[in-house]
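Heads up, the thing below is written out as structure tokens.
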Amino acid sequence: MIALLRTEFVKAARRTRTLIIALALVGLPTLIVVAIKARGNRPDRGDRGEGLFRLASQSGLLVPGAVLSVMSGFLLVVIAGSIAGDSVASDASWGNLRYVLMRPVSRGRLLAAKASVAGVLIWAATILVAIAGLIAGIALFGVHPVNVPGLSLGGTGAGFQLSTGALVARTALGAAYVAFSFSALLAMGTFFSTLTDTATGAIGATIGVYIVSEILDSISQLGVVRYGFPTHYSDAWTTMFTANTFSHDMIAGVVVQAAYFVVFSAAALWWFRTKDIRS
Amino acid sequence: MSDPIVSTEGLCKRFGEVKAVDDVTFSVERGQVYGLLGPNGAGKTTILRMLTGLERPTAGNLRLFGEPVTPSCAQLLRVGAMVEQAAFVPHLSGMLNLKLWWEAGGTSFADADLDNALAVAGLDSAIDRKVRTYSQGMKQRLGFARLLLSRPELLILDEPTNGLDPGEIREIRELIGRLTDDGATVLLSSHHLNEVEQVCTHALVINHGRLVADGTVSELIGSSGAVYVEVDDRDRAQAILAALPSVSDVQQQGDGLVVHMRDGRRSDLAAAITTAGLRLETLMPTQQLEDAFLDLLAAQEVAS
């Protein structure tokens, strides 16, 4: 299995697309940090991640959280969807899938290897964003504790201070939560990737499901149904910084992601093991 | 008696209402070079896909080396297969493609028959170029290199000369000849009848998914399984050819000989003549496989 993982990793890592994504994941956080620096302390306009953005200028240690809060909403979804949707379908579209299976490699092991490599790349993308933000943030804002004022960020009481140790720990936990929150997307993308020999179709379907989920999640009239959407708890981690609480929504988010992961992974495995390989 | 290398019994494959393969039974014995003949859409590739575990039969039995075929079954370790065109990871070099494909099976690349494979590919320094820069012919040759890495006992080749220029086609045919001389069994699909006639000992004809005919190439050509030969010493050649086990009768006709064959390839006749020091002037079938093939298809159409 190790050899299979290595071969799948080399195939994915050596693509030009992977290099471009890596450059974007380093470059964009750097640009965002420069924008935070340039923006200074102008008034809050209520934008997404605004609270973390305004605080970020206090300490470079808070910058990764601010950057992740912006990029996890769309750009990381697109990147994770591309990686997951491409996992099986790319080999199929090249016509190479049949040759790997005739090597022979068991279909279950091959799917597990491809999904694992996609998962590693998605985690790597998230961590790369955090590290790029951290380096740029420290370079521009230094390392300091952060004073979070009450009420203005949606909190209910007095303000609080986050020490540098707390910032580091919560940033690590936040990045892990963001990466884990792509588990549903990973499994769905892998499943869609087994359904088609066209990588763009699988990628489009994966990202499309997430966009639809985001849209439906914004309709409050749907009530408790929204709690089951894969994107509903995506931002639950930000309260670690803005409200000094570890929200129960994070646990719910983990459960929802795990449930989607299990269901769609099982579906992908069943389908891939039984389908006719015609590509 | 040992199991056939390939055997099918009542093999069927449906795609919805379409019967792609319908009740096909045949077997390939060790050392045979079997041609799978049929027009486009006859079901040839579907049969090869089922043999390599890529598709599951709707009904019937399918065995390789005596064991049932399942997806990614262990018998495939003894098979070198090229189904449709050779395909690779385009952004990797030819060499890295070979290495990753081999290592995906959990075996060290040092165990692969790399020198022989590279000699067959004949790509020289291009082996280190990305595959996306290759011509179709180069990809096909790299495909042959890949399937030879494991020194396969059975070669399954689907239209192996498609997309190649005449020089490359000749190289591939010579390669197949060398491999069969070394004892490999070959199952080869093609709609190039002259290719099958030149390369194969046996053939089966498929049309609309059904088996139309199965036998030696000579049998398929029927009474016309005869070969016309001209040499510089006709009497001596008659004696030499008549002594061959694959020859049933040799008669003089005009300036040459008409040789009736039971089995075997026409190249066996050429080899016997040249080995005896005679000069071969002409060697050609009295009737082409193409004639027999078209007759068989026409007969099936009438029958159905």
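The values are calculated or read from the model by the stated rules, or taken from the named source; none is laboratory data. The structure displayed is predicted, hence computed values, not measured ones. Here the Cβ is made from the backbone with ideal geometry for all residues, glycine too, and neighbour counts use every protein chain on show.
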Original post:
Looking at the stretch B:50-70, which of its residues are touching a strand residue (DSSP E or B) at 6+ places or on another chain (Cβ under 8 Å) and part of a strand (DSSP E or B)?
Top reply: B:A59, B:G60, B:N61, B:L62, B:R63, B:L64, B:P68
**OP:** Considering only residues that are more than 10 Å from every other protein chain (Cβ to nearest Cβ) and in a loop (DSSP other than H, G, I, E, B), look in the stretch A:87-101 and name the one that is farthest from B:R56 (Cα to Cα).
**Re:** A:S87
Original post:
For B:F109, which of the numbered conditions (1) modelled with pLDDT of 90 or more; (2) crowded, with 17+ Cβ neighbours inside 10 Å; (3) not aliphatic (A, V, I, L, M) fails to hold?
Top reply: (2)
Subject >> Search result, residues across the stretch B:86-104 that are more than 7 Å from chain A (Cβ to nearest Cβ) and either farther than 24 Å from B:V186 by Cβ or in contact with an Asp or Glu (Cβ under 9 Å, 6 or more places away or on another chain) (or both) >> reply: B:S93, B:G94, B:M95, B:L96, B:K99, B:W102
Original post:
Exactly one of (1) over 30 Å from A:S90 (Cβ atoms); (2) modelled with pLDDT of 90 or more; (3) not in a helix (DSSP H, G or I) is unmet by A:T245. Its number?
Top reply: (2)
**OP:** Report, by residue number, each residue of the stretch A:216-232 that is buried (at least 17 other Cβ atoms within 10 Å of the Cβ) and in contact with a Phe, Trp or Tyr (Cβ under 9 Å, 6 or more places away or on another chain).
**Re:** A:D217, A:P230, A:T231
Subject >> Enumerated strands (runs of 3 or more DSSP E) restricted to the stretch B:126-207, each holding at least 2 residues that are among the polar types (S, T, N, Q) >> reply: B:185-190
Original post:
If you go through the stretch B:222-235 one residue at a time, do you hit one that is assigned to a helix (DSSP H, G or I), farther than 30 Å from B:A110 by Cα, acidic (D, E) and in contact with a helix residue (DSSP H, G or I) (Cβ under 8 Å, 6 or more places away or on another chain)?
Top reply: no
**OP:** Go through the residues of the stretch A:226-235 one by one and say whether even a single one is assigned to a helix (DSSP H, G or I) and hydrophobic (A, V, I, L, M, F, W, C).
**Re:** no
Subject >> Qualifying residue in the stretch A:149-168 (condition: over 14 Å from the mean Cα position of the chain (by Cα), modelled with pLDDT of 95 or more and farther than 18 Å from A:D249 by Cα) >> reply: no
